[in-house]
1. If A:G49 satisfies all but one of (1) buried (at least 17 other Cβ atoms within 10 Å of the Cβ); (2) of a type outside the set (D, E, K, R); (3) within 12 Å of chain B (Cβ to nearest Cβ); (4) not in a loop (DSSP other than H, G, I, E, B), what's the number of the condition it fails?
2. Please identify the pairs in which a residue from the stretch A:165-181 that is at positive phi has its Cβ atom under 8 Å from the Cβ atom of a residue that is in a strand (DSSP E or B) and of a type in the set (K, R), counting only partners at least 6 apart or on another chain.
3. Sort out which residues of the stretch A:63-77 are crowded, with 17+ Cβ neighbours inside 10 Å, more than 7 Å from every other protein chain (Cβ to nearest Cβ) and either over 18 Å from B:L140 (Cβ atoms) or within 13 Å of the chain's Cα centre (by Cα) (or both), and write them in order of number.
4. If I ask for residues that are surrounded by fewer than 22 Cβ atoms within 10 Å (Cβ to Cβ), part of a helix (DSSP H, G or I) and under 22 Å from the mean Cα position of the chain (by Cα), which ones from the stretch B:137-152 would you list?
5. What do you reckon, is B:G39 within 30 Å of A:V47 (Cα to Cα), open to solvent by 40 Å² or more (accessible area, probe 1.4 Å), out of contact with any Cys (no Cβ under 7 Å at 6 or more places or on another chain) and within 14 Å of chain A (Cβ to nearest Cβ)?
6. Here are A:L140, A:L150, A:L116, A:L101: which of them is in contact with a His (Cβ under 7 Å, 6 or more places away or on another chain) and either within 12 Å of A:G172 (Cα to Cα) or surrounded by 15 or more Cβ atoms within 10 Å (Cβ to Cβ) (or both)?
7. Every residue in the stretch B:153-165 that is closer than 22 Å to A:V138 by Cα and either within 7 Å of chain A (Cβ to nearest Cβ) or not in a helix (DSSP H, G or I) (or both), please.
8. Please work out which residue is surrounded by the fewest Cβ atoms within 10 Å (Cβ to Cβ), limiting yourself to the stretch A:4-46 and to residues that are within 8 Å of another protein chain (Cβ to nearest Cβ) and among the hydroxyl-bearing types (S, T, Y).
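The values are calculated or read from the model by the stated rules, or taken from the named source; none is laboratory data. Bear in mind that the values here come from a model prediction, so they are computed numbers and not experimental data. Because the Cβ atoms are built from the backbone with ideal geometry, glycine has one as well, and the counts that use them run over all protein chains shown. The area values use the complete protein model at the heavy-atom level, side chains included, leaving out ligands, DNA and RNA. Shrake-Rupley method; radii C 1.70, N 1.55, O 1.52, S 1.80 Å.
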Amino acid sequence: MIPFEQLCGWALGELSTEEAESVEEHVFECDECARAATFLTELGPRVTGIARAGRVRFALTRALAEHIAADQLPVRQYEINPGDTVPCQATSDQAYAITRLNVDLADVDRVHMAILAPDGSVIDEIDDAPFDAQEQAVWLAETGDAVRALPTMVIRIRLTGHSHRGTSRELGVFGLSHTGLGGR
Amino acid sequence: MPSHARDSIARVTRAAEAEAALCRAFAPRIRAYGLRHLGNAADADDLVQIVLSLLLDKVRTGAVDDPARLPSFVLGVCRNTVSDWRRTNTRRRNILERAAPTMQLLAQLDADAQPEPLARDRLADCLQTISQRQRTIVMLTYYAQRDGADIATELGMTPGNVRVTRHRALAALRDCVKGGAS
């Protein structure tokens, strides 16, 4: 069996032509590597299907936000400035709730995101959230299923910025005033 | 039943089982090759039908001298077929019409195979277990179809770092999905 990393390189098009042909010759001979190659090449259609069905929460980047828009997935979009709270509500068919948080990212190398319940407890957190320094924004895509399951409540998102020099500062707290399905 | 009729039925049954075994062995490999080089499932499925049809023709006409060379033969047919398709689509349509009986065999194999339980659900659950950064890289790779250099720019990482992180994410997903299956 050849190393899994080499099979990854083949599946992702990272190898030279010569290296790729050598991997292919092995895959056609080796049952275990054939299974691994099948898993890797089937990921494309499967991950795309999962994304389109709104089955997984992920931190957005501008490229992903643009792709979701181009794919015409049913989404609700929100844009929040620090200190503000916006109303939000799930629909029965939405795949994602996409939230754009506008922040000052000067001197920030890493962003920590904490999603807080009304009592201030942490529901979830992302230690290294992708951010767009050019847009001065951080995005989050929450699944439609998760949003539909929420009761009426105010959710807060707290962003903290960290610099490579070891300093950190709060970038802002953003509120989503959520109305549960059926007003519950 | 006369013994020669029984013998004929036994031979045909063994031949059909042998063909089914060949298809089961090579169809996933051909599809993986097709997905890698053609980029979409429909084209990969066409490749499976065409290559298996050619393989079965070779086996049925007794043209297989050394079964140990079958893997390299099948890979060679895959490469030549994809290379032909990149030149013209006409030849492909004609070959697909001739591959119709193989399509029926493959449909029967699919019907007989044990379905992989909750495969997509399992992968969705496993995606939630990897880190957010790994998950974002996986989504950028497969859903947004960005290459490593674009992902590096998007996330403020080096291309080498993206490659390592992505490989680790795929290994974690494979282990998680396999762990669920076992």
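1. (1)
2. Matching pairs, first to second residue: A:G172/A:R158.
3. The answer is A:A65, A:I68, A:R76.
4. Correct list: B:Y142 only.
5. Values: within 30 Å of A:V47 (Cα to Cα): yes; open to solvent by 40 Å² or more (accessible area, probe 1.4 Å): yes; out of contact with any Cys (no Cβ under 7 Å at 6 or more places or on another chain): yes; within 14 Å of chain A (Cβ to nearest Cβ): yes.
So B:G39 fits the description; yes.
6. On the way: A:L140 fails: in contact with a His (Cβ under 7 Å, 6 or more places away or on another chain); A:L116 fails: in contact with a His (Cβ under 7 Å, 6 or more places away or on another chain); A:L101 fails: in contact with a His (Cβ under 7 Å, 6 or more places away or on another chain).
Every option except A:L150 fails the conditions.
7. Answer for the stretch B:153-165, where residues must be closer than 22 Å to A:V138 by Cα and either within 7 Å of chain A (Cβ to nearest Cβ) or not in a helix (DSSP H, G or I) (or both): B:E154, B:L155, B:G156, B:M157, B:T158.
8. A:T38
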